[in-house]
Amino acid sequence: KRVFCNPPYGPGMGEWLKRGLDAEVAVYLIPARTDTKWFHEIALPNAKEIRFIKGRLKFGNATNSAPFPSMLVIFEK
């Protein structure tokens, strides 16, 4: 299974990330919240790669960018 996921940003982030561990390749676009429990317990020890995105994302024709930095977390078996 190959998965790309832009999960809901909220308290359930850890549960979404855990599901990616079952895929052959899973790529998550998520907030760069390196101070969270899910980052240190799921993303950091299990990710094949973590890429921090320079600047703040802006989706579609939005006038404002995201209020937080973002990162890609890539899991791979």
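Numbers at a glance
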{"item": "Cβ pairs under 7 Å, 6+ apart, first in segment 1-13 and within 15 Å of VAL73 (Cβ to Cβ), second modelled with pLDDT under 90 and surrounded by 12 or more Cβ atoms within 10 Å (Cβ to Cβ)", "result": "MET13/PRO7"}
{"item": "Qualifying residue in segment 18-37 (condition: of a type in the set (S, T, N, Q) and open to solvent by less than 60 Å² (accessible area, probe 1.4 Å))", "result": "yes"}
{"item": "Subset of segment 1-17 (residues that are open to solvent by less than 40 Å² (accessible area, probe 1.4 Å) and not in a helix (DSSP H, G or I))", "result": "CYS5, PRO7, GLY10, GLY12"}
{"item": "Residues located in segment 38-77, provided they are aromatic (Phe, Trp, Tyr) and surrounded by fewer than 14 Cβ atoms within 10 Å (Cβ to Cβ)", "result": "PHE52, PHE59, PHE68"}
{"item": "Selection within segment 31-71 - closer than 14 Å to MET13 by Cβ, touching a strand residue (DSSP E or B) at 6+ places or on another chain (Cβ under 8 Å) and either assigned to a strand (DSSP E or B) or free of Cβ contacts under 8 Å to residues at least 24 places away in the same chain (or both)", "result": "PRO31, LEU44, SER70, MET71"}
{"item": "Which numbered condition TYR28 fails, given (1) part of a loop (DSSP other than H, G, I, E, B); (2) in contact (Cβ under 8 Å) with a residue 40 or more places away in the chain", "result": "(1)"}
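The values are calculated or read from the model by the stated rules, or taken from the named source; none is laboratory data. What you see is a predicted model; the values in this text were computed from it and never measured. Cβ: placed from backbone, ideal geometry, glycine included. Neighbour counts: every protein chain shown. Side chains included, ligands, DNA and RNA excluded: accessible areas come from the protein's heavy atoms. Shrake-Rupley method; radii C 1.70, N 1.55, O 1.52, S 1.80 Å.
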